[in-house]
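Novice: Quick one: this structure, given as structure tokens, is what I'll be asking you about.
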Amino acid sequence: MLIKKYLKFGIYPLLITLSVCILALLHLNGSSVGIFNNVLSKDISQDQNLLLGEPRGIRGDQFMVMLPIIISQDINQNPEVNSDMGANTNLITQIAPSKNMLSLFRPTMLPFLILEDSEIAYSLYWFGEFALLLISTYLLLLILTKKNILISVLGSMIFLFTPFIHWWNQTNTITWISFILVFLLMILKEDSLKKAVVWGIGLLYSMITFLFILYPPFQISISYIAFSLLLGYSLNNLKGIKQNFKIIFPVLITVVVLFLLFSILVYNRSLDVIQLIMGTSYPGARFISSGGGNVLHLFNGLYNILLQASSNNPPFANQSESSNFFLLFPPIVFWVLFKSIKTYFKGKKIDWIPVLISLNLIFFTIWYLVPLPDFISKYSLLYLVHPHRLLIGFGYGSYILMLYFLGNNFRESKNKSDNIIIAILSFLFGLLIYFVGKGLYNISPSFFEYPSVLNYEYKILLASIFATFITYLLLKKHTKLFLIGFLTFSIISTIFINPLYKGLDILINTDLANYIQETSENDDSKWIGYNNNYLTQYALANNASVINGVHLYPQFEIWEVLDPEEEYIDLYNRYAHINVSEYEEGEEYIRLLYPDALEVNISPCDEKWDKLNVKYIITYQEMSSYTCLKLRKDFPEYGIKIYDRIISITPALP
């Protein structure tokens with residue numbers, strides 16, 4: 001009987017795990033690695049490994065930055081310090097495969113440490129991230145909805161099929177805060193010391209994993225919601241917690257002590273890298289005041305379906321910056337607080353979980369939209385959170401609130417006045433979405449171009465009607481209809497964001513890739529990509545030791561050679577894509593292109609490259625006129641050339 005009980009709740013995680021294994025054996029992933037077809041002057045549409053969708057150039061951080069780093073690590077047996085990146089790059093703070101004390105706490109990177117096949121390992125990583133998100137939110141919702149399997153399964157899928165998640169490839173923050181809450185809530189209701197210890201081990205693991213995501217803007221935002229939920233649960237269950245205090249307290253204290261000890265140990269070991277990052281011009285240490293948000297951005301989620309069409313020009317910078325959750329929180333926050341106040345005056349028990357999450361969302365909204373004294377930002381730690389990064393907090397809170405509301409007996413609306421209020425709230429929210437649509441059109445009319453069968457007014461009207469309808473279903477607690485409708489819309493809004501791609505051949509198994517691997521296997525001399533940073537990262541993924549590419553933190557050993565007077569230190573003291581270009585008269589030696597990109601204009605024959613042991617140049621350019629260069633290999637089918645540099649002095653770098 002007990003086995004049957006647990007099997008019922010375990011089928012969903014089991015199916016998820018099985019699906020990931022099958023997808024990995026098929027070498028499938030959702031990476032935009034197909035963009036490298038463009039790098040090799042190939043037609044992406046002719047790539048037989050591109051099974052569905054289209055690669056997204058905006059996902060450069062994924063396919064151009066992290067994927068080459070991951071493959072470089074895998075080729076080099078996953079060292080903690082990668083000698084192929086700049087003048088050695090310590091990866092202990094990065095979510096990449098690396099043999100260090102944090103490896104165990106990056107579970108989706110473990111396949112690279114275990115398996116020989118990079119493609120299967122990458123598939124396990126890619127879909128493993130999604131699987132952990134589904135499982136963590138499913139388990140959390142099981143607890144919050146009193147084991148309502150329908151809400152828990154469909155709710156976890158709603159978390160996954162969210163534009164923000166897919167455009168940012170951002171799952172781990174929500175995943176690990178959800179696991180933290182799962183284990184904490186299990187401890188708080190546990191009356192067995194042995195079981196509490198098991199939950200404590202899970203809690204400790206999840207806390208360490210969450211901490212070393214090392215992206216405070218997301219972590220702080222989402223931690224507010226977690227704290228509200230935890231406090232609400234504690235207030236709701238104060239009596240039971242007091243009864244089990246002798247079990248709960250020692251377990252939690254032990255977890256906290258071990259967590260602090262491990263964190264201090266890792267911090268001391270990676271102190272140099274952390275200090276370098278914190279001291280940079282970008283991202284570095286920043287102070288962000290409140291009031292920098294935009295109401296159009298806050299509620300644009302129901303229009304994110306249009307981001308999938310490449311021809312539609314996003315209203316805010318790009319698709320990732322414009323992406324969001326489907327935020328329905330204004331009407332449900334009003335409804336929760338309205339019903340809770342009525343409950344209080346009737347002398348009945350208040351459910352504190354939705355109340356505190358609602359108050360948290362109100363606080364977020366005020367901070368997001370209204371300029372407040374800076375001390376509020378300072379002491380709330382929100383000075384570390386850019387307003388648009390707060391969207392993950394809004395999203396997590398809004399989704400937890402609506403799913404909790406559906407799964408609990410929250411003062412059903414049975415009288416006429418309640419029905420009228422629900423109808424008004426639904427209509428007003430639909431009206432808000434209508435005006436948001438109008439505002440988005442004023443910012444970027446071309447955002448509404450595709451599909452052209454409907455003009456922009458009809459698209460805005462449809463989004464407003466859907467918002468009204470789905471809000472009404474939510475507040476009236478038509479659970480099945482709401483979940484099916486909301487999930488269907490979520491899937492349609494995200495299904496074409498990432499491609500379905502087979503393998504990594506375009507990156508690691510071409511004539512060019514094989515030649516770079518062959519050359520680098522016998523020679524550790526440095527490479528530079530001239531006039532195109534994609535080529536540098538391509539070389540890195542194939543075992544080349546590169547000078548430029550992406551500097552995850554300032555490579556001062558390199559800059560001491562390139563800029564001994566430190567004239568440009570404010571420009572390169574940052575996380576940056578480093579593009580190298582031929583110098584032309586009148587050009588600035590080093591110039592900032594974007595906050596995370598700069599260009600060095602320098603001759604390939606400059607002696608500075610000798611000091612840095614640069615022997616190979618990969619480029620599209622014809623550079624045979626330079627006396628220091630000799631054509632080593634021409635790839636006319638790709639339009640790419642590799643040159644040998646003649647090094648005339650003893651290098652400073654090995």
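The values are calculated or read from the model by the stated rules, or taken from the named source; none is laboratory data. Since the structure is predicted, the reported quantities are computational estimates derived from the model, not experimental observations. Using ideal geometry, Cβ is built from the backbone for each residue, glycine included, and neighbour counts are taken over all protein chains shown. SASA here: full protein model, heavy atoms, side chains in, ligands and nucleic acids out. Shrake-Rupley method; radii C 1.70, N 1.55, O 1.52, S 1.80 Å.
Novice: How do the helices (runs of 4 or more DSSP H) wholly within the range 354-447 filter down when requiring 2 or more residues that are under 23 Å from SER323 (Cβ atoms) and not small (Gly, Ala, Ser): which remain?
Specialist: Details: elements: 374-380, 391-407, 416-443.
Per the criteria, 391-407, 416-443.
Novice: Of the residues in the range 522-571, how many are of a type in the set (A, V, I, L, M) and under 22 Å from GLU584 (Cβ atoms)? It would help to see each step written out before you state the result.
Specialist: Let us first name the residues in the range 522-571 that are of a type in the set (A, V, I, L, M), namely 528, 535, 539-541, 544, 546-547, 550, 552, 558, 561-562, 569, 571.
Filter again for under 22 Å from GLU584 (Cβ atoms), leaving 528, 535, 547, 561-562, 571.
Result for the range 522-571: 6.
Novice: Out of all the residues in the range 469-495, which are assigned to a helix (DSSP H, G or I), touching a residue at least 24 places away in the same chain (Cβ under 8 Å) and open to solvent by 40 Å² or more (accessible area, probe 1.4 Å)?
Specialist: Correct list: PHE469, TYR472, LYS480, ILE484, ILE491, ILE492.
Novice: Follow-up question, since we're still on this one. Quick check on this structure: which one of ILE649, ILE642, ILE617 is over 13 Å from LEU562 (Cα atoms), at pLDDT below 95 and open to solvent by less than 80 Å² (accessible area, probe 1.4 Å)?
Specialist: Values: ILE642 fails: at pLDDT below 95; ILE617 fails: at pLDDT below 95.
Residue meeting the stated conditions: ILE649.
Novice: Does any residue of the range 344-357 turn out to be closer than 28 Å to SER444 by Cα and either out of contact with any Ser or Thr (no Cβ under 8 Å at 6 or more places or on another chain) or open to solvent by 10 Å² or more (accessible area, probe 1.4 Å) (or both)?
Specialist: Looking for residues that are closer than 28 Å to SER444 by Cα and either out of contact with any Ser or Thr (no Cβ under 8 Å at 6 or more places or on another chain) or open to solvent by 10 Å² or more (accessible area, probe 1.4 Å) (or both), one finds none in the range 344-357, hence no.
Novice: Still on this structure, I have one more. If I ask for residues that are of a type in the set (A, V, I, L, M, F, W, C) and open to solvent by 40 Å² or more (accessible area, probe 1.4 Å), which ones from the range 208-229 would you list?
Specialist: Listed by number, the residues that qualify are LEU211, LEU214, PHE227.
Novice: Taking the range 496-516 as the search range and keeping residues that are β-branched (Val, Ile, Thr) and in a loop (DSSP other than H, G, I, E, B), which one is nearest to ILE332 (Cα to Cα)? Explain how you work it out, then say what you get.
Specialist: If we filter the range 496-516 for residues that are β-branched (Val, Ile, Thr), which is where we start, we get 497, 506, 508, 510, 516.
From the residues that got through so far, the ones that are in a loop (DSSP other than H, G, I, E, B) too are 497, 510.
Values: ILE497: 29, THR510: 54 Å.
Checking each candidate, the answer is ILE497.
Novice: Hey, another quick one. Which residue is nearest to the chain's Cα centre (by Cα), if the candidates are limited to the range 327-347 and must be within 21 Å of SER228 (Cα to Cα) and not in a helix (DSSP H, G or I)?
Specialist: Per the stated criteria, the residue is LEU327.
Novice: Now for a different question. Looking at the range 590-604 only, could you name the residues that are open to solvent by 30 Å² or more (accessible area, probe 1.4 Å) and not aliphatic (A, V, I, L, M)?
Specialist: Going residue by residue through the range 590-604, those that are open to solvent by 30 Å² or more (accessible area, probe 1.4 Å) are 591-596, 603.
Passing the criteria: ARG591, TYR594, PRO595, ASP596, SER603.
Novice: Let me ask something additional. Restricting the range 386-408 to residues that are within 25 Å of the chain's Cα centre (by Cα) and either at pLDDT below 95 or of a type in the set (D, E, K, R) (or both), which is most open to solvent (accessible area, probe 1.4 Å)?
Specialist: Once the filter is applied, the top-ranked residue is HIS386.
Novice: Okay, next question. Considering TYR538, TYR553, TYR626, which residue is within 28 Å of GLN73 (Cβ to Cβ) and either in contact with a Gly (Cβ under 6 Å, 6 or more places away or on another chain) or in a loop (DSSP other than H, G, I, E, B) (or both)?
Specialist: Exactly one residue qualifies, and that residue is TYR553.
Results for (1) surrounded by fewer than 21 Cβ atoms within 10 Å (Cβ to Cβ); (2) under 25 Å from the mean Cα position of the chain (by Cα); (3) among the hydrophobic types (A, V, I, L, M, F, W, C), shown as yes or no for each residue.
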site: HIS27; (1), (2), (3): yes, yes, no
site: SER31; (1), (2), (3): no, yes, no
site: GLY34; (1), (2), (3): no, yes, no
site: LEU40; (1), (2), (3): yes, no, yes
site: SER45; (1), (2), (3): yes, no, no
site: LEU50; (1), (2), (3): yes, yes, yes
site: GLY53; (1), (2), (3): yes, yes, no
site: GLY57; (1), (2), (3): yes, yes, no
site: ASP61; (1), (2), (3): yes, yes, no
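Novice: Separate question: Spot the failing condition for LYS146; the list is (1) outside any helix (DSSP H, G or I); (2) out of contact with any helix residue (DSSP H, G or I) (no Cβ under 9 Å at 6 or more places or on another chain), and only one is missed.
Specialist: (2)
Novice: Does any residue of the range 171-181 turn out to be open to solvent by 30 Å² or more (accessible area, probe 1.4 Å) and touching a residue at least 12 places away in the same chain (Cβ under 8 Å)?
Specialist: Looking through the range 171-181, none of the residues is open to solvent by 30 Å² or more (accessible area, probe 1.4 Å) and touching a residue at least 12 places away in the same chain (Cβ under 8 Å).
Novice: Can you name the residue in the range 533-549 that is in contact with a helix residue (DSSP H, G or I) (Cβ under 6 Å, 6 or more places away or on another chain) and open to solvent by 10 Å² or more (accessible area, probe 1.4 Å) and, of all such residues, is nearest to ILE506 (Cα to Cα)?
Specialist: So the residue we want is TYR534.
Novice: Of the residues ASN304, ASN324, ASN313, which is in contact (Cβ under 8 Å) with a residue 60 or more places away in the chain, under 30 Å from PHE482 (Cα atoms) and not in a helix (DSSP H, G or I)?
Specialist: Details: ASN304 fails: not in a helix (DSSP H, G or I); ASN313 fails: under 30 Å from PHE482 (Cα atoms).
Result of the check over ASN304, ASN324, ASN313: ASN324.
Novice: A further question on this structure: Taking the range 252-270, which residues are open to solvent by less than 50 Å² (accessible area, probe 1.4 Å) and over 14 Å from MET207 (Cβ atoms)? Spell out how you get there, then give the answer.
Specialist: Looking only at the range 252-270, we keep the residues that are open to solvent by less than 50 Å² (accessible area, probe 1.4 Å), and these are 252, 255, 259, 262-263, 266, 270.
Within the range 252-270, SER270 is the sole residue that qualifies.
Novice: Quick check on the range 412-426: of everything there that is buried (at least 16 other Cβ atoms within 10 Å of the Cβ) and not polar (S, T, N, Q), which residue is nearest to PRO331 (Cα to Cα)?
Specialist: Initial filter on the range 412-426 (buried (at least 16 other Cβ atoms within 10 Å of the Cβ)): 413, 418, 421-422, 425-426.
If we keep only those that are not polar (S, T, N, Q) too, we end up with 418, 421-422, 425.
Numbers: ASP418: 13, ILE421: 10, ILE422: 8, LEU425: 6 Å.
Out of the qualifying residues, it is LEU425.
Novice: Give just the number: which of (1) touching a residue at least 40 places away in the same chain (Cβ under 8 Å); (2) open to solvent by less than 20 Å² (accessible area, probe 1.4 Å) does SER380 not satisfy?
Specialist: With respect to (1) touching a residue at least 40 places away in the same chain (Cβ under 8 Å); (2) open to solvent by less than 20 Å² (accessible area, probe 1.4 Å), SER380 is out only on (1).
Novice: Still on this structure, please answer the following. Determine whether the range 67-88 contains at least one residue that is on the phi > 0 side of the Ramachandran plot, open to solvent by less than 40 Å² (accessible area, probe 1.4 Å) and either among the charged types (D, E, K, R) or touching a helix residue (DSSP H, G or I) at 6+ places or on another chain (Cβ under 7 Å) (or both).
Specialist: yes
Novice: Can you give me the number of residues within the range 564-589 that are surrounded by fewer than 19 Cβ atoms within 10 Å (Cβ to Cβ) and more than 19 Å from ALA285 (Cα to Cα)?
Specialist: The number of residues fulfilling the criteria is 14.
Novice: Right, here's the next one. Might you check whether a residue that is polar (S, T, N, Q), assigned to a helix (DSSP H, G or I) and buried (at least 22 other Cβ atoms within 10 Å of the Cβ) occurs anywhere in the range 517-532?
Specialist: no
Novice: Every residue in the range 295-313 that is in contact with a Leu (Cβ under 8 Å, 6 or more places away or on another chain) and open to solvent by 20 Å² or more (accessible area, probe 1.4 Å), please.
Specialist: VAL295, LEU296
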